Amino acid sequence: MAQGTDNKRAGGPSPLSRWMQIKMNDRAVRKFRRKGGQFMGMDLLVLHTVGKNSGLPRQSPLAWFPDGDDAWLVVASGGGKRNPDWYANLTARPEDTAVELHGGDPIPVTPHTLDGDARAEAWQRIAADQPRYGKYQKKSVRQYPVVRLTRR
């Protein structure tokens, strides 16, 4: 869903598409704060990160899936072809990560990218809850990272 706006790589988004993504994210975040958050039947949160290269605060509206008390799962699908910028920011600066639910104050979280059996089990629940993710994954040559965010 949401792309961040901080990675500089060959073949990446143009400055215009980065600017458009920032504006779309800003609009989605404002709407989320006014009305709460759902998109295509999925609950949303706002992921707060700090730019890997810029050091600037970033906000990305993302679909999330519950994972027990005070834990949320998010999928770094990034449109299928590459990891989204928010994922690079989160992995580069995990200590600067927070989530905002329904317009509340940001909650500091610790991100952990799942692998092996933990990822497989989480992915099974995600794909059962939202089959479109399973369809997207089948069309991609890369495995989407699944990140567990736990309250710090």
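The values are calculated or read from the model by the stated rules, or taken from the named source; none is laboratory data. Bear in mind the structure is a predicted one, so any value in this text is a computation, not a measurement. Neighbour counts run over all protein chains shown; Cβ positions are idealised from the backbone, glycine included.
Structure above, values below:
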read-out: Unmet requirement for Asn89, which otherwise passes all of (1) in contact with an Asp or Glu (Cβ under 9 Å, 6 or more places away or on another chain); (2) under 16 Å from Ala63 (Cα atoms); value: (2)
read-out: Set Leu62, Leu90: member being surrounded by 20 or more Cβ atoms within 10 Å (Cβ to Cβ), touching a Ser or Thr at 6+ places or on another chain (Cβ under 6 Å) and either in contact (Cβ under 8 Å) with a residue 60 or more places away in the chain or assigned to a helix (DSSP H, G or I) (or both); value: Leu90
read-out: Residue within the stretch 125-146 that is touching a Pro at 6+ places or on another chain (Cβ under 7 Å) and not in a helix (DSSP H, G or I) present; value: no
read-out: Residue list for the stretch 122-142, restricted to those being at pLDDT 95 or above and surrounded by fewer than 13 Cβ atoms within 10 Å (Cβ to Cβ); value: Gln124, Ala128
read-out: From the options Tyr136, Tyr144, residue that is under 22 Å from Gly41 (Cβ atoms) and touching a helix residue (DSSP H, G or I) at 6+ places or on another chain (Cβ under 9 Å); value: Tyr144
read-out: Residue tally, condition under 21 Å from Gly68 (Cα atoms), free of Cβ contacts under 8 Å to residues at least 24 places away in the same chain and not aromatic (Phe, Trp, Tyr), over the stretch 119-152; value: 6
read-out: Residue match in the stretch 95-110 (condition: within 14 Å of the chain's Cα centre (by Cα) and of a type in the set (Gly, Ala, Ser)); value: yes
